[in-house]
Every structure is written in structure tokens, then in C-alpha cells.
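Engineer: Handing you a structure now.
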Amino acid sequence: MRSENEDFLKRRSRVRSLRFNDYSADRGGFSMSAEFMDFLKHKYAYVAIGEFKPGKFEEAERLFVNAVSTYTHGFQGAYLLREEPNTDKGIAFILWDNIEDMDDNRNDAHEKILKEMAHLFISPPTTAFYEVSSEIGGDT
């Protein structure tokens, strides 16, 4: 397992190599490549972990899909994970370009759906924002 210091050094090394690879002698300096700019940009994930009242997961899933369908700018995707088949525990995972985009996407329809969903939880879900520090794509 790598330490935070090793991760920092690896990132710093990556930035340095991108900077030197971006040097353009004929232009007299550095240019910012798309790869370098993508390296600097991180997505954010809103994560909610909760448990629904018995038998309410499917209704909550329907409402989750309806709420997510109202998102427009800055929205990068969403997942609703179920702990095991036939349980009512789940994790909602919503990706954003930046944290402010989530607030910007709130509207009356979205708020109405969240109110409909609130009574389905046993207790309020635990929520947090995370910076996506690594993203590894698969075959599409």
C-alpha cells in the first residue's frame, strides 16, 4: 500500500513530465496540452449511504431515477448500488464536474421528488462529497 507521500511524489513527477513534454522551443515556452489540463481537473462525487424501510427499495429507486433525470449541466453520471439482492440498504453515487453544479441543478421538481423519498428511509442517509482522485475507464 502506497503512502500519501508516495502518491504526492508520483503526481508531482507526472506534472513535471507533462510540463517538459509540453515545451515547445519554436513557440518559446510551454503550452498546455489537453492531457495536462485533464490531469488538473477532478470530478466530485456526492455519496449517500442509507437504508430504506422494508420493501421500499424499488420505490426509492424509481424516485432516484426521476430525480437524476432532472440534472443538466455539470452532471457526469449516477449509480444506485444495492448492498445485496433483496436488501433495503443502498448507496447513491452521483458524479459532478464541481460541487456547485449539484446546487445549481436543484429545482422545484427535484425538491418535490426528494420530499417524496424522505419518508422511505429508516433514518436520514449519511452524505458526503468526495474528490475523484483517480478514474480508470474500461472498455466502452
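The values are calculated or read from the model by the stated rules, or taken from the named source; none is laboratory data. The model shown is predicted, which means the values in this text are computed figures rather than measured ones. All Cβ positions, even for glycine, are placed from backbone atoms using ideal geometry, and neighbour counts span all protein chains on display.
Engineer: Filter the stretch 61-100 down to the residues that are more than 22 Å from Pro124 (Cα to Cα), without any contact (Cβ under 8 Å) to a residue 40 or more places away in the chain, in contact with a strand residue (DSSP E or B) (Cβ under 8 Å, 6 or more places away or on another chain) and not aromatic (Phe, Trp, Tyr) and list them by number.
Structural biologist: Hits for the stretch 61-100 are Gly74, Gln76, Gly77.
Engineer: If I ask for residues that are more than 11 Å from the chain's Cα centre (by Cα), at pLDDT 95 or above and small (Gly, Ala, Ser), which ones from the stretch 84-117 would you list?
Structural biologist: Gly90
Engineer: Answer yes or no as to whether Arg27 is charged (D, E, K, R) and modelled with pLDDT of 95 or more.
Structural biologist: No: the conditions fail for Arg27.
Quick grid of which residues meet (1) of a type outside the set (Lys, Arg); (2) farther than 14 Å from Lys56 by Cα; (3) not assigned by TED's automatic domain parsing to the domain that holds Gly50:
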| residue | (1), (2), (3) |
| --- | --- |
| His73 | yes, yes, no |
| Gly77 | yes, yes, no |
| Asp88 | yes, no, no |
| Lys115 | no, yes, no |
| Ser123 | yes, no, no |
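Engineer: Only residues in the stretch 111-140 that are loosely packed, with under 10 Cβ neighbours inside 10 Å count as the first member; pair them with residues that are part of a helix (DSSP H, G or I), Cβ under 9 angstrom, at least 6 apart or cross-chain, and list the lot.
Structural biologist: Pro124/Ala118; Ser133/Asp7
Engineer: Can you tell me which residue within the stretch 90-105, out of those that are in contact with a Leu (Cβ under 9 Å, 6 or more places away or on another chain) and not aliphatic (A, V, I, L, M), is surrounded by the fewest Cβ atoms within 10 Å (Cβ to Cβ)? Break it down into steps so the answer makes sense when it comes.
Structural biologist: Keep residues of the stretch 90-105 that are in contact with a Leu (Cβ under 9 Å, 6 or more places away or on another chain), which gives 90-93.
Pick out the ones that are also not aliphatic (A, V, I, L, M) and you get 90, 93.
On the way: Gly90: 21, Phe93: 16.
Only one residue tops the list, namely Phe93.
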